[in-house]
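Peer 1: Pasting a structure below so you can have a look.
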Amino acid sequence: MDQQIRAAAALIKASHNTVVVTGAGISTEAGIPDFRGANGIYRKIGEDKAMSVINIGFFNRDPATFYDFYREYFSFPDIKPAKAHYILAEMEKQGRIKAIVTQNVDNLHQLAGSRRVIAVHGSGGQFECQERLCREVVPAEQVDLFNGDPVPLCPVCGGVLKPDVVLFGESIKDYGPALDTILKAKLIIVIGSSLTVHPLAGFVASFNSFTQDLMIINKGRTALDHAAQLKIDVDNTGELLEKINAAIDRM
């Protein structure tokens, strides 16, 4: 492991443009279950049932039932960023990483202090009014999901608020900026993703076709292990990143 830490530090030290790509694995360390994990929604109720609810058509037809489901499986009001989120934010301040492209909607990177975060599936940190002539964006801390109305309403026009997350049937957010950021990187560090969810997995694969500066930190195999210059299989990403960042300081 010490040799891998030194190798990771050397790759980051040599890179002038490092971009981090994160998946659910980084947030499980904060206490958020991933979809397919032992406590994940797909294991609890089945993937087909989950997908039948977390789609835009269902939301538009029955927002009250959608919010019952959202409160139970997707709202984690007491969750705080894990060590890994804070270390990445510190590395950004130090100029060691330039951006984070994430599949996660938990807003933990932003809460930890990361400034340039491209959240391709949106963010549960805010809600958007669905009235076409309003589209007010309301911070999550101003939306009472648990003690108010079954469906939160816009404080401006009274329209239905929707979590600003990408549901099935909707296009991802910031497709162009995410792809451009990844393709222009010198080094990509994938953290907590098996690289099976598209289009982000495809973005990383496209990057890899032009360069070999790919590092993967993930518990278990990924679809691009064979292509990575460095693959680290680890249980605690936060502790690993802390050691890598300290190793860069010593260089």
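Peer 1: Among the listed residues SER27, SER52, which satisfies the condition of being part of a helix (DSSP H, G or I) and at pLDDT 90 or above?
Peer 2: On the way: SER52 fails: at pLDDT 90 or above.
Criteria check complete, one pass: SER27.
Peer 1: Another question, then. Mind checking which residues of the stretch 157-184 are under 30 Å from THR211 (Cβ atoms) and either in a helix (DSSP H, G or I) or among the acidic types (Asp, Glu) (or both)?
Peer 2: Of all residues in the stretch 157-184, those under 30 Å from THR211 (Cβ atoms) come to 166, 171-184.
Within the stretch 157-184, ASP174, TYR175, GLY176, PRO177, ALA178, LEU179, ASP180, THR181, ILE182, LEU183 meet the criteria.
Peer 1: Just to be sure, is ASN218 under 23 Å from SER27 (Cα atoms) and open to solvent by less than 70 Å² (accessible area, probe 1.4 Å)? Before the answer, list the steps.
Peer 2: Numbers: under 23 Å from SER27 (Cα atoms): yes; open to solvent by less than 70 Å² (accessible area, probe 1.4 Å): yes.
Spelling it out, ASN218 is indeed under 23 Å from SER27 (Cα atoms) and open to solvent by less than 70 Å² (accessible area, probe 1.4 Å).
Peer 1: Another one. Given the criteria in a helix (DSSP H, G or I) and among the polar types (S, T, N, Q), does ASN60 qualify? Lay out the reasoning, then the answer.
Peer 2: Details: in a helix (DSSP H, G or I): yes; among the polar types (S, T, N, Q): yes.
When the stated conditions are applied, ASN60 passes them.
Peer 1: Answer yes or no: is there a residue in the stretch 89-109 that is small (Gly, Ala, Ser) and in contact with a strand residue (DSSP E or B) (Cβ under 7 Å, 6 or more places away or on another chain).
Peer 2: Within the stretch 89-109, the first condition is being small (Gly, Ala, Ser), and the residues that meet it are 89, 95, 99.
Within this subset, residues satisfying the condition of being in contact with a strand residue (DSSP E or B) (Cβ under 7 Å, 6 or more places away or on another chain) are 99.
Yes, there is a match, as at least one residue in the stretch 89-109 is small (Gly, Ala, Ser) and in contact with a strand residue (DSSP E or B) (Cβ under 7 Å, 6 or more places away or on another chain).
Peer 1: Any chance you could count how many residues in the stretch 185-202 are buried (at least 22 other Cβ atoms within 10 Å of the Cβ) and part of a helix (DSSP H, G or I)?
Peer 2: 1
Peer 1: A further question on this structure: Going by the structure shown, is ARG71 basic (Lys, Arg), open to solvent by less than 70 Å² (accessible area, probe 1.4 Å) and assigned to a loop (DSSP other than H, G, I, E, B)? Walk me through how you get there before you give the answer.
Peer 2: On the way: basic (Lys, Arg): yes; open to solvent by less than 70 Å² (accessible area, probe 1.4 Å): yes; assigned to a loop (DSSP other than H, G, I, E, B): no.
It is false that ARG71 is basic (Lys, Arg), open to solvent by less than 70 Å² (accessible area, probe 1.4 Å) and assigned to a loop (DSSP other than H, G, I, E, B).
Peer 1: Which residue pairs have Cβ atoms closer than 8 Å, lie 6 or more positions apart in sequence or on different chains, and pair a first residue in the stretch 161-173 that is among the aromatic types (Phe, Trp, Tyr) with a second residue that is not in a strand (DSSP E or B)?
Peer 2: Going by the 8 Å Cβ cut-off, the qualifying pairs are PHE168/MET51; PHE168/ILE54; PHE168/ILE56.
Peer 1: Select the strands (runs of 3 or more DSSP E) contained entirely in the stretch 81-140, then report the ones holding at least 3 residues which are surrounded by 17 or more Cβ atoms within 10 Å (Cβ to Cβ) and aliphatic (A, V, I, L, M). I'd like the intermediate steps shown before the answer.
Peer 2: Numbers: elements: 99-102, 117-119, 122-129, 137-139.
Passing ranges, in order: 99-102, 117-119.
Peer 1: To continue, here is another question. Restricting to the stretch 104-134, give me the number of residues that are touching a His at 6+ places or on another chain (Cβ under 7 Å) and over 19 Å from SER171 (Cα atoms).
Peer 2: Total meeting the criteria: 3.
The values are calculated or read from the model by the stated rules, or taken from the named source; none is laboratory data. Everything numeric here is computed off the predicted structure, so don't read it as measured data. Note: ideal-geometry Cβ built from the backbone for every residue, glycine included; neighbour counts use all protein chains shown. Quick note on the areas: whole protein, heavy atoms, side chains included, nothing else; ligands and nucleic acids left out. Shrake-Rupley method; radii C 1.70, N 1.55, O 1.52, S 1.80 Å.
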